[in-house]
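Below is one structure, written out as structure tokens; the observations come after it.
Where a number appears in this text, it was derived from the coordinates with a stated rule and is not lab data. Worth saying up front: this structure is predicted, and the values here are computed from it rather than measured. Ideal geometry is used to build each Cβ from the backbone, glycine not excepted, and the neighbour counts take in all protein chains shown.
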Amino acid sequence: MLMGADILFYPTAIGTEPHDPDLDTSRLWRRAMIGHAVSNVVPVVAANRIGTEHGQRFYGHSFICDERGDMLAEFGADETGVLVATLDLAQAKKHRAAFGFFRDRRPELYGRLVEDR
């Protein structure tokens with residue numbers, strides 16, 4: 001976002017933990033992705049794999065949300081296809097300039113993350 005992105009894309013393969021099949025982090029993954037949208041005031045497109053491989057079940061639940069974290073399109077655990085949503089990038093930019101989550105950042109304190117730009 002500090003380099004001017006308008007949308008964050010997260011292609012992922014998140015699923016159960018083979019060492020602990022009872023550990024289901026699917027809701028946590030979604031919350032983290034939505035948190036990226038809100039804290040960066042930017043739409044997020046999160047694509048997650050489905051199916052099972054080597055004992056790991058992938059969660060699916062791909063989605064598109066706006067800069068406020070509101071869901072615009074989403075799949076369930078076993079759905080596959082192409083999600084489509086209309087994003088208002090001008091509105092997101094306006095919100096980004098006003099919302100403290102992004103506006104009040106202090107990138108000069110980020111050290112090497114900013115220097116390597």
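A few notes on this one:
- Among I64, I14, I34, the largest mean-square fluctuation in a Gaussian network model of the chain, built with springs joining Cα atoms closer than 10 Å, belongs to I14.
- Look at the alpha carbon pairs under 8 Å that are at least 6 residues apart: their mean separation over the length of the chain gives a relative contact order of 22 percent.
- Once the convex hull of all Cα atoms in the chain is built, its volume per residue stands at 130 Å³.
- Helix-only mean residue ellipticity at 222 nm for the chain, each DSSP H run of n ≥ 4 adding -39500 (n - 2.57), per residue, nearest 500: -7500 deg cm²/dmol
- Packing, taken as the mean count of other beta carbons within 10 Å per residue, orders the peptides 83-96, 36-49, 16-29 from highest to lowest as 36-49, 83-96, 16-29.
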